[in-house]
Amino acid sequence: MGKGCRTVRSIYFFGLICGILLNVAVYKFGILWHHHQFFGVLNNITVTPLSDDSLQTAILPSVSCTGRDVELVICVPVEQNNSAKRDAIRQTWGSYGKYGGRSGVTHPMEDTSFEYMQIKPGEIILVFFTGSAPSNFTNEEQAKFHEEARTYGDIFQDTYIDTYENLTLKSISIMKWVSEECPNTRYVVKADDDVYLNVPLLVNSLWRHAKYVKRRLTQTSNISPNQTFPPPFLAGLKNNGARVIRDKKSKWYTPKEVYKDKIYPSYLSGPAYAMSGSAALSLYQASLRVPLFWMEDIYITGLCAKVAQIPLLPDVRFKFRKTPPPSGCAFRKAISGHGYTITQMKRIYNELNSRLLKCPLPTRKSLLSSRNSTRLRKDGFVLL
């Protein structure tokens, strides 16, 4: 009889354990299924389920656009555990807001530096955007992150899980924050944390892009030529006719259930793209109507921009990869480059800001290549 009782108890506990495991599996599957439906997710990407334990209280930056003119908001999506990159950006291309256009900067080239030189200290704002802490983030690391946020006041933390497949949510949070907290900014740029951004040249190019769009609009609509606020536009490295990849082995695999068309709409490459302040609001409003898609640049600058009817201005001075070699001379005519180390960022910044910088004259071959690829008119506008 004792043996029979032990058998019954064993069966009972075995059933209890199975029941618990089944409930956990159903719960987690439910989360994963919801996440799958939310992103239309891909088979070759690891999905991180959302849980109450992983949600952290959002951090708000102390920097503000209230009560002052803001020329440019620099938005940098980052991971929490990479404070070294944030420090490097603050010390290099993210530092222009401290001094404005009168910091002794000798670039861009003298004949196009007038607009940037008019910018006053505080008219350029830098903000880092991140999601909630990953599960392996220790209490000590979290405390250091909060201390960094208090020290610099330039970090915005939202409550989504900070994973690769949530980059779209990160960009949406950028558009939302800019629309609500900096509605008076003239321009916005989103740049990844491994990008080098030539801020003076960017400012000059945005002024010229805005003039070009405004001139076109005055010819085709009722917009006043005296309007001072820039009309909606996006600028960056434009991709046309990109095919949807159906190969399941590819990192960029997208099933028909997620995106049925064979061709993506025109979009701007994700490492860095810029826009007018009014475009940020239009993109955020469009994101409330456009189903989420996992590739951030296609979603924001392609799908949402198409719905919002925002023109994409191609500018090949936004580079997808590094400008070889990573140096000040290579960046004299480049707005952005992608994939730089901290050491390379500091080298580019120091060389660009040195009055002793001497660059070799371009060869005839490089001049022809530059003219063919950039397609700039004599007045400096990029051809559409």
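The values are calculated or read from the model by the stated rules, or taken from the named source; none is laboratory data. What you see is a predicted model, and the numbers here were worked out from it, not measured in a lab. Here the Cβ is made from the backbone with ideal geometry for all residues, glycine too, and neighbour counts use every protein chain on show.
Numbers for the structure displayed
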quantity	calculated
Residues (among the charged types (D, E, K, R) and more than 23 Å from the chain's Cα centre (by Cα)) located in segment 226-251	Arg246, Asp247, Lys248, Lys249
Residue list for segment 231-257, restricted to those being crowded, with 17+ Cβ neighbours inside 10 Å and out of contact with any helix residue (DSSP H, G or I) (no Cβ under 8 Å at 6 or more places or on another chain)	Leu237, Lys238, Asn239, Val244, Thr254
Flag for Leu368 being of a type in the set (A, V, I, L, M), over 23 Å from the mean Cα position of the chain (by Cα) and at pLDDT 85 or above	no
Lone qualifier among Asp162, Asp194 - being in contact with a helix residue (DSSP H, G or I) (Cβ under 9 Å, 6 or more places away or on another chain), within 26 Å of Phe331 (Cβ to Cβ) and not aromatic (Phe, Trp, Tyr)	Asp194
Test result for Arg216, under 18 Å from Gln309 (Cα atoms) and either assigned by TED's automatic domain parsing to the domain that holds Trp294 or modelled with pLDDT under 90 (or both)	yes
Residue in segment 175-183 that is touching a Lys or Arg at 6+ places or on another chain (Cβ under 9 Å) and either within 28 Å of Thr341 (Cβ to Cβ) or modelled with pLDDT under 95 (or both) present	no
Search result, residues across segment 329-339 that are closer than 21 Å to Ala84 by Cβ and surrounded by fewer than 21 Cβ atoms within 10 Å (Cβ to Cβ)	His338, Gly339
Odd one out for Ile223, checked against (1) more than 22 Å from the chain's Cα centre (by Cα); (2) aliphatic (A, V, I, L, M); (3) modelled with pLDDT of 95 or more	(3)
Of all residues in segment 129-157 being within 16 Å of Lys170 (Cα to Cα) and of a type outside the set (Ser, Thr, Tyr), the one that is nearest to the chain's Cα centre (by Cα)	Phe129
Options Lys176, Lys190: the member that is of a type in the set (Lys, Arg) and in a strand (DSSP E or B)	Lys190
Residue check for Lys262: over 21 Å from Leu283 (Cα atoms) and in the same structural domain as Lys85 (by TED's automatic domain parsing)	yes
From the options Leu303, Leu312, Leu292, residue that is in contact with a Gly (Cβ under 9 Å, 6 or more places away or on another chain), crowded, with 21+ Cβ neighbours inside 10 Å and at pLDDT 85 or above	Leu312
Those residues of segment 148-170 which are of a type outside the set (Lys, Arg) and either over 19 Å from Ser64 (Cα atoms) or not assigned by TED's automatic domain parsing to the domain that holds Met275 (or both), in sequence order	Thr159, Tyr160, Ile161, Asp162, Thr163, Tyr164, Glu165, Asn166, Leu167, Thr168, Leu169
